[in-house]
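Q: This is the structure, below, for whatever I ask next.
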Amino acid sequence: MALATTAVSLHLFLTRPASVLRVGRGLPCLLLRATSSTSASPDFNITFAEPAPSKKAPSAQPLVPWIVRGEDGKPRLSTSPPPDVIQAIALAEAEAKKAAKKETLKGQNGAVAAAAAAASNASVKGKERKPAPTVPPKFSKAARRFYNENIKEREPQRLAKVLAAAGVASRRTSEELIFQGKVTVNGSVCTSPQTKVDISKDSIYVNGNRISKKLPPKLYFAVNKPKGYICSCGEESKSVVSLFNDYLKGWNKIQPGLPKPRLFTVGRLDVATAGLIIVTNDGEFAQKLAHPSSNVTKEYVVTIDGAVHKKHLIAISEGTKIDGVMCIPDLVEPLAAQSDTRKTRLRIVVHEGRNHEVRELVQNAGLQVYALKRVRIGRFRLPADLGIGKFVELKQADIKALDGNN
């Protein structure tokens with residue numbers, strides 16, 4: 001190990017004017033030369049001289065001598081640094097490692113931050129590139145009505161549904177006709193009610209009779225059903241549908257070129273019950289309105305044969321079981337007596353729509369029904385000026401009121 005020449009000034013309390021000392025074999029030579037001076041402390045020049053080159057390589061790493069002050073206060077040579085130097089070197093190395101570690105962590109954090117920023121920028125760019133979701137346009141009632149009447153009906157539909165809408169028969173009866181092979185589509189017998197057909201394009205025959213390419217419009221009527229009439233689609237003389245015989249006879253004058261609609265009642269009123277009932281040719285509307293799950297309220301006026309006490313009202317309000325289902329009315333209250341009769345009248349509101357529900361509630365309370373009349377469905381009330389056995393075509397506002405509850 002090559003050592004540069006250094007000059008060290010030492011103040012030693014030595015009396016000899018000059019001295020030379022060689023230390024170490026195979027090591028740099030340490031020359032101590034003292035020079036006399038008028039000063040109390042002589043000056044010593046210490047020089048590390050480079051030894052003569054040797055042909056043989058040293059067998060071990062050369063040691064660097066240290067001049068330290070001994071316990072007696074005199075300088076001496078040592079092969080290891082003083083303790084304070086070792087401590088200083090250790091502290092310096094520790095500080096260097098700490099600084100290096102801090103720089104490494106700083107670099108890592110910077111890399112992570114840069115990666116996060118890059119990802120964020122990419123995400124922002126991706127979001128900027130991604131088109132905003134489009135909101136479906138809102139159409140007016142007139143536009144929706146036009147679509148339902150002129151476009152939706154032209155889409156392919158199930159064969160059984162088309163036959164029912166065309167007025168051939170009910171959907172169930174139409175399915176039976178299809179299963180029996182009495183329906184042909186484009187010249188081929190069709191035995192599947194689920195077959196999709198387009199009435200405006202396909203040629204459909206039932207029992208040899210061709211179905212019109214056009215469907216009748218959807219119709220909705222409110223009828224003041226008389227007592228003694230049944231809710232049947234048959235040809236009985238005293239059915240609710242028979243009240244429309246004169247109307248259907250003049251159909252060709254009212255709607256020329258369109259087939260006659262097949263009308264039916266929405267739900268049922270027993271033969272002894274009078275009042276409001278809806279007649280239509282819209283099967284989906286009828287099913288929705290008549291099903292008990294729709295929870296559409298219906299209001300009845302019950303005329304009681306006999307005296308009505310508080311216990312009877314409580315018994316009606318507690319409900320009764322009908323076909324294994326507990327039916328509880330929404331409202332039970334007495335009405336003011338009429339001048340032409342002394343019989344007590346009750347107003348009962350239900351939403352279940354079970355068969356004979358109101359009669360069962362009253363009879364379960366120990367009372368006898370003298371007369372029963374339905375006066376309201378949903379928010380649509382039977383018009384006061386609508387005579388018994390008469391009907392009126394419903395407007396869009398009336399149809400909407402049928403779906404709502406009071």
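The values are calculated or read from the model by the stated rules, or taken from the named source; none is laboratory data. What you see is a predicted model, and the numbers here were worked out from it, not measured in a lab. Cβ placement follows ideal geometry from the backbone for every residue including glycine, while neighbour counts extend to all protein chains displayed. In case anyone asks, the SASA skips ligands and DNA or RNA and just uses the protein heavy atoms, side chains included. Shrake-Rupley method; radii C 1.70, N 1.55, O 1.52, S 1.80 Å.
Q: Once you charge only the Cβ atoms, +1 for Lys and Arg and -1 for Asp and Glu, what is the size of the charge dipole of region 220-402 about its Cα centre, to the nearest 20 debye?
A: With Lys and Arg at +1 and Asp and Glu at -1, about 320 debye.
Q: For region 270-283, take each phi angle, set θ = phi - 60°, evaluate the Karplus expression 6.51 cos²θ - 1.76 cosθ + 1.60, and give the result in whole Hz per residue in order, putting x for glycine and proline.
A: 3J(HN,Hα) across region 270-283, in whole Hz: 5, 4, 8, 9, 10, x, 6, 8, 9, 10, 7, 10, 9, x.
Q: Leaving out ligands and nucleic acids, note down the accessible area per residue over region 226-308 with a 1.4 angstrom probe, in whole Å².
A: For region 226-308, the solvent-accessible area averages 48 Å² per residue.
Q: Can you tell me the FRET efficiency between Lys227 and Glu284 if r is taken as the Cβ-Cβ distance and R0 is 22 Å, rounded to the nearest 0.05?
A: Computed FRET efficiency for Lys227 and Glu284: 0.15.
Q: Want the number for Phe139 to Ser78: 0.36 nm per residue separation, take away the alpha-carbon distance, what's left?
A: Additional length available on full extension: 11.8 nm.
Q: Tally Lys and Arg at +1 and Asp and Glu at -1 over the other residues with C-beta under 12 Å from the C-beta of Ile316: what net charge comes out?
A: Here the count lands on -1.
Q: Something else about it: Between the alpha-carbon centers of region 214-270 and region 162-200, tell me the distance in whole angstrom.
A: 22
Q: Quick one: which residues, 5 or more positions from Lys260 or on another chain, have an amide H under 5 Å from its amide H? H modelled 1.01 Å from N in the peptide plane, none for Pro or chain starts.
A: none
Q: Follow-up question, since we're still on this one. Given a cut-off of 20 Å, name the pairs among Lys310/Lys373; Lys218/Lys298; Lys213/Lys390; Lys249/Lys390 whose C-alpha atoms lie farther apart than that in the structure shown.
A: Beyond 20 Å: Lys310/Lys373; Lys218/Lys298; Lys213/Lys390.
Q: I would also like to ask the following. Once you list every other residue whose beta carbon is under 12 Å from the beta carbon of Ser192, what net charge do they have if Lys and Arg are +1 and Asp and Glu are -1?
A: Residues near Ser192 contribute +1 overall.
Q: Points 7 angstrom from Cα along the Cβ direction at Val375 and Ile86: gap in nanometres?
A: So the two model labels end up 11.4 nm from each other.
Q: Here's another thing I want to ask about it. Would you kindly state how much longer the chain becomes between Asn209 and Asn252 on full extension, computed as 0.36 nm times their sequence separation minus their alpha carbon distance, in nm to one decimal?
A: That pair, Asn209 and Asn252, stretches by 13.6 nm at full extension.
Q: On full extension of the chain, what length is gained from Glu393 through Arg347, given 0.36 nm per residue of separation minus the C-alpha to C-alpha distance?
A: Between Glu393 and Arg347, full extension yields an extra 13.9 nm.
Q: Just read off the accessible area of Val369 with the full protein assembly in place, 1.4 Å probe, to the nearest 10 Å².
A: For Val369, solvent-accessible area is about 30 Å².
Q: Further question on the same structure: Rg(Cα) of region 204-353 divided by 2.2 N^0.38 Å?
A: 1.35
Q: How many nm is it between the label spots at Glu333 and Lys101, if each spot is 7 Å from the Cα in line with the beta carbon?
A: 8.4
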